[in-house]
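Contents: one structure, followed by commentary.
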Amino acid sequence: MYWTLELATKLEDAPWPATKDELLDYALRVGAPLEVIENLQEIEDDEEVYESIEDIWPDYPTKDDFFFDEEEY
């Protein structure tokens, strides 16, 4: 399983919290790339409820990871 920022953003609007099956259903309905569906299928725990993309991909960048000063704008 590999994630990129582009692939992970396809799940930003997913109905969090969600199970693996709910995420797969969402990805299929929105027409997510095949790589996203394959990554979701590789998740081993079918019953776990994921709160966000960070639960699936711990290295998902957050706003804190970017050097952007919102006060400047």
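Miscellaneous remarks
- Residues in segment 18-44 that are assigned to a loop (DSSP other than H, G, I, E, B) and either among the small types (Gly, Ala, Ser) or open to solvent by less than 70 Å² (accessible area, probe 1.4 Å) (or both): Thr19, Gly31, Ala32, Pro33, Ile43.
- Scanning segment 45-57 for residues that are open to solvent by 40 Å² or more (accessible area, probe 1.4 Å) and either among the hydrophobic types (A, V, I, L, M, F, W, C) or under 9 Å from the mean Cα position of the chain (by Cα) (or both) yields a total of 4.
- Number of positions in segment 1-42 that are touching a residue at least 40 places away in the same chain (Cβ under 8 Å) and aliphatic (A, V, I, L, M): 4
- Within segment 1-44, the residues that satisfy the criterion of being closer than 19 Å to Pro58 by Cβ, more than 11 Å from the chain's Cα centre (by Cα) and of a type in the set (A, V, I, L, M) are Met1, Ile43.
- Residues of segment 24-50 that are in contact with a Pro (Cβ under 8 Å, 6 or more places away or on another chain) and under 15 Å from Asp13 (Cβ atoms): Tyr26, Tyr50.
The values are calculated or read from the model by the stated rules, or taken from the named source; none is laboratory data. Predicted, not measured: the structure shown is a model, and the values here were computed from it. So basically every Cβ, Gly included, is an ideal-geometry build from the backbone, and we count neighbours across all protein chains shown. All accessible areas refer to the heavy atoms of the entire protein, side chains included, with ligands and DNA or RNA removed. Shrake-Rupley method; radii C 1.70, N 1.55, O 1.52, S 1.80 Å.
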